[in-house]
Amino acid sequence: MPEPDASIEAKTSPSRRTLLGLDWLNFLLADVQTGVGPFLAIYLAGYKWNEERVGLALTVGGIAGILTQTPAGALVDFLRSKRALVGVAVTALAAGALLIALFPSFWPVMSAQVLIGGTSSVFLPAICAMSLGIVGRAAFDARQGRNQTFNSAGNVIAAVSMGVLGYLVSNRSIFFFVAAFAVPTILVLHIIRPTDIDYEVARGATDGEKGGKVESVEVLFWERPLVLFLGCAVMFHFANAAMLPLLGEMLAKGQGRSSMMFMSACVVTTQFVITLIASWSGRTAGTWGRKPLLLIAFGVLPIRGVLYTLTSNTALLVAIQIMDGVGAGIFGVVSVLVIADLTRGTGRFNLTLGAITTAVGIGAALSQVIAGSIVHHVGFRAGFLFLAGVASAAFAILYFFMPETRNIRLAKE
């Protein structure tokens with residue numbers, strides 16, 4: 001096996017200021033994103049939106065994200081000013097949150113969801129690209145785990161704050177909270193030094209005479225491991241995306257304002273577990289490999305779906321979210337590492353990440369509509385069992401067909 005280019009594998013250590021800025025950016029981005037997810041379902045339910053209309057609103061945001069994920073990835077690969085791109089996206093997300101807070105009727109909410117979904121697609125590829133360009137490929141596993149740790153810690157703080165605001169003030173105040181936190185998020189971007197971000201490394205290119213050459217996306221997606229991972233990721237998110245919003249709607253029935261506190265507890269439980277497990281996932285992915293960790297993440301999802309059907313006790317339903325934290329904590333870290341493995345040296349890391357996120361978004365959006373419709377016509381039990389069945393199929397495909405990817409690109413070089 002040939003040795004990888006040392007200039008790619010190891011970089012000059014970035015400044016402490018830049019690394020601190022990257023930590024805080026991940027933390028604060030969680031604060032501005034948390035309120036427009038599961039809390040939106042409860043907020044709209046409070047205005048007498050039924051399950052199908054709530055599912056439609058969530059789906060519209062998902063579709064907007066689907067249409068922009070791949071262009072966002074390509075834009076991140078192309079642009080050197082990734083900090084400015086993140087700043088614009090944060091501003092647009094804050095504007096969407098204000099629109100939802102001030103005008104909670106059908107068309108304003110749908111318009112806000114388009115704005116939020118369309119601009120939020122920038123965050124994942126931009127943060128991953130900045131991280132890869134700052135620390136280099138050799139340190140990327142651990143950095144991705146650290147990113148997820150700070151993101152989840154931000155989610156914990158945001159969820160607690162939003163739960164308290166929803167209970168003591170109003171559900172609407174959550175969206176003003178989102179808009180307010182956009183300000184420090186934009187300010188912290190200036191802590192990251194643009195000179196610490198290696199443009200070529202950030203897009204997954206190699207050094208030397210082939211450094212500026214990129215492979216076509218069509219060639220990449222003819223590779224069997226990438227196609228298999230794409231299918232597994234879509235099914236994972238199809239099974240996972242609707243579970244927490246459906247749980248929120250179930251908790252909201254007859255609970256009044258306290259339902260926001262229950263949802264906050266669910267989100268806090270999930271994100272606290274992610275905070276604990278993310279750094280471990282990044283480190284362990286470099287020793288165990290990617291596939292064993294992914295099997296853990298995929299394996300807990302169908303169990304979680306079945307457990308939701310076995311109890312109506314609020315405390316137990318919140319406790320089940322520990323499994324959500326395990327699955328999301330591992331998948332959020334390791335999935336990016338798998339894509340980095342499979343696109344190594346192609347110059348297409350962020351574009352491929354965006355394309356796969358597009359497909360994943362399709363699965364997540366369909367999940368909201370299909371599961372919401374099943375719940376509306378048959379009940380919550382049937383909806384959760386349906387999602388658990390999809391999750392079980394995804395686990396089987398991953399176990400039997402997906403190869404280990406940690407050294408797969410190096411083996412071809």
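Sort out for me the helices (runs of 4 or more DSSP H) sitting completely within segment 316-413 that have 3 or more residues that are over 24 Å from residue 292 (Cα atoms) and under 16 Å from the mean Cα position of the chain (by Cα).
Output list reads 349-377.
Specify which of the listed residues (84, 74, 101) is among the hydrophobic types (A, V, I, L, M, F, W, C), crowded, with 21+ Cβ neighbours inside 10 Å and assigned to a helix (DSSP H, G or I).
Just a single option satisfies the conditions, and that option is 101.
Tell me, yes or no, whether segment 166-173 has at least one residue that is of a type in the set (A, V, I, L, M, F, W, C), outside any helix (DSSP H, G or I) and more than 23 Å from residue 77 (Cβ to Cβ).
Kept after step one, since they are of a type in the set (A, V, I, L, M, F, W, C), are these residues of segment 166-173: 168-169.
This time we only want the ones that are outside any helix (DSSP H, G or I), so: 169.
Now restrict to residues that are more than 23 Å from residue 77 (Cβ to Cβ): 169.
Yes; the residues of segment 166-173 include at least one that is of a type in the set (A, V, I, L, M, F, W, C), outside any helix (DSSP H, G or I) and more than 23 Å from residue 77 (Cβ to Cβ).
Pull up segment 234-253, narrow it to residues that are at pLDDT 85 or above and in contact with a Ser or Thr (Cβ under 6 Å, 6 or more places away or on another chain), then point me to the one that is surrounded by the most Cβ atoms within 10 Å (Cβ to Cβ).
242
Can you tell me which condition residue 303 does not meet? The list is (1) over 18 Å from the mean Cα position of the chain (by Cα); (2) crowded, with 24+ Cβ neighbours inside 10 Å, and all the others hold.
So the condition that residue 303 fails would be (2).
For segment 149-164, state whether one or more residues are surrounded by fewer than 24 Cβ atoms within 10 Å (Cβ to Cβ), out of contact with any His (no Cβ under 9 Å at 6 or more places or on another chain) and at pLDDT 90 or above. Give the steps one after another, and end with the answer.
Here is the first cut: in segment 149-164, the ones surrounded by fewer than 24 Cβ atoms within 10 Å (Cβ to Cβ) are 150, 153, 156-157, 160-161, 163-164.
Remaining after also requiring out of contact with any His (no Cβ under 9 Å at 6 or more places or on another chain): 150, 153, 156-157, 160-161, 163-164.
Then drop every residue that is not at pLDDT 90 or above, which leaves 150.
The answer is yes, given that some residue of segment 149-164 is surrounded by fewer than 24 Cβ atoms within 10 Å (Cβ to Cβ), out of contact with any His (no Cβ under 9 Å at 6 or more places or on another chain) and at pLDDT 90 or above.
Residue check: is residue 116 buried (at least 22 other Cβ atoms within 10 Å of the Cβ) and either in a helix (DSSP H, G or I) or under 16 Å from the mean Cα position of the chain (by Cα) (or both)?
yes
Select from segment 66-114 the residues that are among the β-branched types (Val, Ile, Thr), within 22 Å of residue 365 (Cα to Cα) and without any contact (Cβ under 8 Å) to a residue 60 or more places away in the chain and list them in ascending order.
Once the filter is applied, which keeps residues that are among the β-branched types (Val, Ile, Thr), within 22 Å of residue 365 (Cα to Cα) and without any contact (Cβ under 8 Å) to a residue 60 or more places away in the chain, segment 66-114 yields 68, 114.
Every residue, every condition in (1) under 17 Å from residue 234 (Cα atoms); (2) touching a Ser or Thr at 6+ places or on another chain (Cβ under 6 Å); (3) modelled with pLDDT under 95; (4) not aliphatic (A, V, I, L, M), yes or no:
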{"site": "283", "(1), (2), (3), (4)": "no, no, yes, yes"}
{"site": "298", "(1), (2), (3), (4)": "yes, no, no, yes"}
{"site": "315", "(1), (2), (3), (4)": "no, no, yes, no"}
{"site": "321", "(1), (2), (3), (4)": "no, yes, yes, yes"}
{"site": "324", "(1), (2), (3), (4)": "yes, yes, yes, yes"}
{"site": "328", "(1), (2), (3), (4)": "yes, no, yes, no"}
{"site": "335", "(1), (2), (3), (4)": "yes, no, yes, yes"}
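Given the options 343, 357, name the one that is surrounded by 19 or more Cβ atoms within 10 Å (Cβ to Cβ), more than 30 Å from residue 46 (Cβ to Cβ), in contact with a Gly (Cβ under 6 Å, 6 or more places away or on another chain) and at pLDDT below 90.
One residue alone meets the criteria, 343.
Only one of (1) within 20 Å of residue 267 (Cα to Cα); (2) modelled with pLDDT of 75 or more; (3) buried (at least 19 other Cβ atoms within 10 Å of the Cβ) fails for residue 49. Which number is that?
(1)
So, residue 351, is that one of a type outside the set (S, T, N, Q) and closer than 27 Å to residue 146 by Cβ or not?
On the way: of a type outside the set (S, T, N, Q): yes; closer than 27 Å to residue 146 by Cβ: yes.
So residue 351 fits the description; yes.
The values are calculated or read from the model by the stated rules, or taken from the named source; none is laboratory data. What you see is a predicted model; the values in this text were computed from it and never measured. A quick note on method: Cβ atoms are made from the backbone with ideal geometry, for glycine too, and the neighbour counts reach across all protein chains shown.
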